[in-house]
Amino acid sequence: MGYRHYLYAVPKKQVAEIQSCKTNEDWIDFAKRHEYRYDEDDEWFPPYRVGKELYELGKYSEIGFKLESERPSLFTSEELKERYSDDGFSLLTKDDFKAVIEEYRQKIINWLQSLLNPEDDPIIPSKLSKEERKHLAIEHEIQDKIDSWSGKYFGISPIDLDESRERITGDWSYEYAIFELVRAYKAFDWENDDLVLVGW
(Lines give C-alpha, C1' and ligand atoms only; values in the text may rest on other atoms or scores of the structure.)
Protein backbone atom coordinates (compact mmCIF):
# COMPACT_ATOMS: atom_id res chain seq x y z
CA MET A 1 0.00 0.00 0.00
CA GLY A 2 2.79 2.46 0.83
CA TYR A 3 2.99 5.26 3.35
CA ARG A 4 0.11 7.73 3.01
CA HIS A 5 -0.85 10.99 4.70
CA TYR A 6 -4.34 11.93 5.88
CA LEU A 7 -5.96 15.01 7.38
CA TYR A 8 -8.05 14.32 10.48
CA ALA A 9 -10.33 16.34 12.74
CA VAL A 10 -9.66 15.52 16.39
CA PRO A 11 -11.67 17.11 19.22
CA LYS A 12 -9.55 19.67 21.10
CA LYS A 13 -10.35 17.97 24.42
CA GLN A 14 -8.92 14.72 23.09
CA VAL A 15 -5.81 16.49 21.77
CA ALA A 16 -5.14 17.80 25.28
CA GLU A 17 -5.58 14.28 26.68
CA ILE A 18 -3.25 12.81 24.04
CA GLN A 19 -0.59 15.37 24.84
CA SER A 20 -0.81 14.45 28.53
CA CYS A 21 -0.24 10.73 27.81
CA LYS A 22 3.28 9.83 28.89
CA THR A 23 3.27 6.03 28.62
CA ASN A 24 1.70 3.43 26.35
CA GLU A 25 -0.53 2.49 29.28
CA ASP A 26 -1.83 6.08 29.36
CA TRP A 27 -2.39 5.92 25.60
CA ILE A 28 -4.33 2.64 25.83
CA ASP A 29 -6.40 4.10 28.70
CA PHE A 30 -7.20 7.04 26.43
CA ALA A 31 -8.40 4.60 23.74
CA LYS A 32 -10.58 2.76 26.28
CA ARG A 33 -12.16 5.99 27.62
CA HIS A 34 -13.14 7.10 24.13
CA GLU A 35 -14.12 3.60 22.98
CA TYR A 36 -11.59 3.50 20.16
CA ARG A 37 -10.65 0.07 18.85
CA TYR A 38 -7.17 -1.07 19.89
CA ASP A 39 -5.18 -4.31 19.91
CA GLU A 40 -5.50 -5.72 23.42
CA ASP A 41 -2.96 -8.52 22.91
CA ASP A 42 -0.14 -6.23 21.78
CA GLU A 43 -1.36 -3.15 23.66
CA TRP A 44 -1.21 -1.29 20.37
CA PHE A 45 -3.35 1.69 19.42
CA PRO A 46 -2.44 3.27 16.07
CA PRO A 47 -2.94 7.06 15.82
CA TYR A 48 -5.09 6.72 12.68
CA ARG A 49 -7.95 5.47 14.85
CA VAL A 50 -8.29 8.81 16.64
CA GLY A 51 -10.78 11.41 15.41
CA LYS A 52 -12.39 11.62 11.99
CA GLU A 53 -10.64 11.27 8.65
CA LEU A 54 -11.26 14.32 6.45
CA TYR A 55 -9.08 13.74 3.44
CA GLU A 56 -6.39 11.41 2.13
CA LEU A 57 -3.43 13.34 0.71
CA GLY A 58 -2.23 10.08 -0.75
CA LYS A 59 0.92 8.12 -1.25
CA TYR A 60 4.26 9.92 -1.11
CA SER A 61 2.69 13.35 -0.56
CA GLU A 62 5.39 16.02 -0.65
CA ILE A 63 3.37 18.46 1.46
CA GLY A 64 2.49 15.62 3.84
CA PHE A 65 6.15 14.74 4.48
CA LYS A 66 7.07 18.42 4.80
CA LEU A 67 4.38 19.11 7.40
CA GLU A 68 5.07 15.87 9.28
CA SER A 69 8.74 16.83 9.66
CA GLU A 70 8.09 20.47 10.60
CA ARG A 71 5.06 20.31 12.89
CA PRO A 72 4.97 19.08 16.49
CA SER A 73 3.91 15.53 17.26
CA LEU A 74 0.81 15.10 19.35
CA PHE A 75 2.89 12.72 21.45
CA THR A 76 4.90 14.70 23.96
CA SER A 77 6.73 11.78 25.60
CA GLU A 78 9.76 10.08 24.10
CA GLU A 79 8.27 6.67 24.96
CA LEU A 80 5.22 7.21 22.75
CA LYS A 81 7.17 8.93 19.97
CA GLU A 82 9.51 5.93 19.86
CA ARG A 83 6.82 3.24 20.12
CA TYR A 84 4.75 4.78 17.32
CA SER A 85 7.65 6.12 15.26
CA ASP A 86 6.33 4.48 12.08
CA ASP A 87 3.21 6.65 12.25
CA GLY A 88 3.03 10.38 11.62
CA PHE A 89 0.89 12.21 14.17
CA SER A 90 1.34 15.97 13.84
CA LEU A 91 -0.71 18.94 14.98
CA LEU A 92 -1.47 21.36 12.13
CA THR A 93 -2.77 24.91 11.93
CA LYS A 94 -5.30 26.68 9.73
CA ASP A 95 -2.38 28.10 7.73
CA ASP A 96 -1.11 24.55 7.19
CA PHE A 97 -4.49 23.61 5.73
CA LYS A 98 -4.22 26.60 3.39
CA ALA A 99 -0.70 25.47 2.45
CA VAL A 100 -2.03 22.05 1.43
CA ILE A 101 -4.65 23.72 -0.77
CA GLU A 102 -2.00 26.04 -2.24
CA GLU A 103 0.23 23.01 -3.00
CA TYR A 104 -2.64 21.43 -4.95
CA ARG A 105 -3.34 24.70 -6.78
CA GLN A 106 0.31 24.97 -7.83
CA LYS A 107 0.32 21.37 -9.06
CA ILE A 108 -2.70 22.15 -11.25
CA ILE A 109 -0.93 25.20 -12.71
CA ASN A 110 2.22 23.15 -13.38
CA TRP A 111 0.17 20.42 -15.06
CA LEU A 112 -1.64 22.88 -17.35
CA GLN A 113 1.67 24.56 -18.26
CA SER A 114 3.12 21.15 -19.12
CA LEU A 115 0.30 20.67 -21.66
CA LEU A 116 1.40 23.83 -23.44
CA ASN A 117 5.08 22.85 -23.26
CA PRO A 118 5.20 19.05 -23.54
CA GLU A 119 8.93 18.88 -24.36
CA ASP A 120 9.69 17.11 -21.06
CA ASP A 121 6.90 14.51 -21.35
CA PRO A 122 8.69 11.13 -21.56
CA ILE A 123 5.62 9.42 -23.05
CA ILE A 124 5.47 11.57 -26.17
CA PRO A 125 8.08 10.67 -28.81
CA SER A 126 10.83 13.29 -28.94
CA LYS A 127 11.14 12.98 -32.73
CA LEU A 128 7.82 14.82 -33.18
CA SER A 129 7.69 18.57 -33.78
CA LYS A 130 6.78 20.90 -30.94
CA GLU A 131 3.27 21.42 -32.36
CA GLU A 132 2.75 17.68 -32.85
CA ARG A 133 3.90 17.01 -29.29
CA LYS A 134 1.55 19.71 -27.96
CA HIS A 135 -1.36 18.34 -29.97
CA LEU A 136 -0.68 14.79 -28.75
CA ALA A 137 -0.40 15.93 -25.11
CA ILE A 138 -3.70 17.82 -25.27
CA GLU A 139 -5.42 14.95 -27.08
CA HIS A 140 -4.19 12.52 -24.41
CA GLU A 141 -5.56 14.76 -21.63
CA ILE A 142 -8.94 15.12 -23.34
CA GLN A 143 -9.20 11.33 -23.66
CA ASP A 144 -8.19 10.98 -20.00
CA LYS A 145 -10.99 13.38 -18.99
CA ILE A 146 -13.52 11.47 -21.09
CA ASP A 147 -12.42 8.21 -19.46
CA SER A 148 -12.60 9.79 -16.00
CA TRP A 149 -16.07 11.26 -16.46
CA SER A 150 -17.26 7.99 -18.01
CA GLY A 151 -16.17 6.08 -14.90
CA LYS A 152 -13.62 3.99 -16.79
CA TYR A 153 -11.14 4.13 -13.90
CA PHE A 154 -12.37 1.70 -11.23
CA GLY A 155 -15.96 2.84 -11.87
CA ILE A 156 -15.21 6.10 -10.05
CA SER A 157 -16.73 9.36 -11.26
CA PRO A 158 -15.29 12.76 -10.33
CA ILE A 159 -18.53 13.54 -8.47
CA ASP A 160 -19.83 11.75 -5.38
CA LEU A 161 -23.61 11.88 -4.96
CA ASP A 162 -23.71 9.33 -2.12
CA GLU A 163 -25.69 11.19 0.55
CA SER A 164 -24.15 9.12 3.35
CA ARG A 165 -20.78 10.82 2.70
CA GLU A 166 -19.94 14.49 3.07
CA ARG A 167 -17.37 14.52 0.27
CA ILE A 168 -18.21 15.96 -3.11
CA THR A 169 -15.55 14.03 -5.01
CA GLY A 170 -13.50 10.92 -4.55
CA ASP A 171 -11.37 11.66 -7.59
CA TRP A 172 -7.61 11.58 -7.05
CA SER A 173 -6.69 14.18 -9.65
CA TYR A 174 -5.58 17.50 -8.20
CA GLU A 175 -7.94 19.53 -10.38
CA TYR A 176 -10.98 17.90 -8.72
CA ALA A 177 -9.52 17.00 -5.32
CA ILE A 178 -8.75 20.64 -4.56
CA PHE A 179 -12.49 21.33 -4.35
CA GLU A 180 -12.87 18.58 -1.75
CA LEU A 181 -10.07 20.19 0.26
CA VAL A 182 -11.74 23.62 0.03
CA ARG A 183 -15.06 22.07 1.13
CA ALA A 184 -13.36 20.42 4.13
CA TYR A 185 -11.51 23.65 4.97
CA LYS A 186 -14.70 25.72 4.98
CA ALA A 187 -16.64 23.12 6.98
CA PHE A 188 -13.89 22.53 9.56
CA ASP A 189 -14.98 23.29 13.15
CA TRP A 190 -11.91 25.23 14.29
CA GLU A 191 -13.56 26.10 17.61
CA ASN A 192 -13.98 22.50 18.75
CA ASP A 193 -11.51 20.46 16.67
CA ASP A 194 -7.82 20.46 15.90
CA LEU A 195 -6.41 19.58 12.50
CA VAL A 196 -4.08 16.59 12.66
CA LEU A 197 -1.87 15.05 10.01
CA VAL A 198 -1.68 11.28 10.29
CA GLY A 199 0.77 9.19 8.31
CA TRP A 200 0.87 5.41 8.10
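The stretch 178-200 and the stretch 92-163 have Cα centres separated by 24 Å. For the chain, the longest principal axis of the C-alpha atoms and the axis of helix 24-33 are separated by about 80°. Computed packing ranks the peptides 34-41, 21-28 as 21-28, 34-41, most packed first, by mean other Cβ atoms within 10 Å. Summing Cβ point charges (Lys, Arg +1; Asp, Glu -1) relative to the Cα centre of the chain gives a dipole of roughly 600 debye. Note on the stretch 2-129: with neighbouring protein chains present and a 1.4 Å probe, carbon and sulfur make up 48 percent of its accessible heavy-atom surface.
Of the cross-linked pairs LYS59/LYS107; LYS32/LYS52; LYS13/LYS98; LYS59/LYS134; LYS12/LYS98, which ones have a Cα-Cα span greater than 26 Å in the structure shown?
Details: LYS59/LYS107 15 Å; LYS32/LYS52 17 Å; LYS13/LYS98 24 Å; LYS59/LYS134 29 Å; LYS12/LYS98 20 Å.
The pairs that break the limit, which is 26 Å between Cα atoms, are LYS59/LYS134.
Given THR93, HIS34, TYR48, which one lies farthest toward the positive end of the charge dipole of the stretch 16-95, if we put +1 on the Cβ of every Lys and Arg and -1 on the Cβ of every Asp and Glu? The residue sitting farthest along the positive end of the dipole is THR93. For the stretch 121-200, what is the relative contact order in percent, using Cα pairs closer than 8 Å and at least 6 residues apart in sequence? In percent, rounded to a whole number, it is 13. Taking the 0 to 90 degree range and rounding to the nearest ten, how far is the long axis of helix 94-116 tilted relative to the main principal axis of the chain, both from C-alpha atoms? Long axis of 94-116 versus the principal axis of the chain: about 20 degrees. Accessible area per residue for the stretch 94-200, computed on protein heavy atoms with a 1.4 Å probe, is 66 Å².
Taking every DSSP helix (H) stretch of at least 4 residues in the chain, weighting each as -39,500 (n - 2.57) and dividing the sum by the residue count yields a mean residue ellipticity at 222 nm of -14500 deg cm²/dmol. With a cut-off of 13 Å on the backbone N, the residues of the stretch 77-115 near the modelled label site 7 Å out from LYS22 along Cα-Cβ are 77-80. Sorted on the mean count of surrounding Cβ atoms within 10 Å across their residues, most packed first, peptides 146-159, 176-189 read 176-189, 146-159.
Over the chain, what relative contact order in percent results from Cα pairs under 8 Å that are six or more residues apart? Each step should come with its number before you reach the end.
On the way: 253 pairs, mean separation 65.1, N = 200.
The value is 33 percent.
The values are calculated or read from the model by the stated rules, or taken from the named source; none is laboratory data. Computed from a predicted model, the values in this text were never measured in an experiment. Positions of Cβ are generated from backbone atoms using ideal geometry, with glycine treated the same way; all protein chains shown enter the neighbour counts. The accessibility values were calculated without ligands, DNA or RNA, using every heavy atom of the protein model including side chains. Shrake-Rupley method; radii C 1.70, N 1.55, O 1.52, S 1.80 Å.
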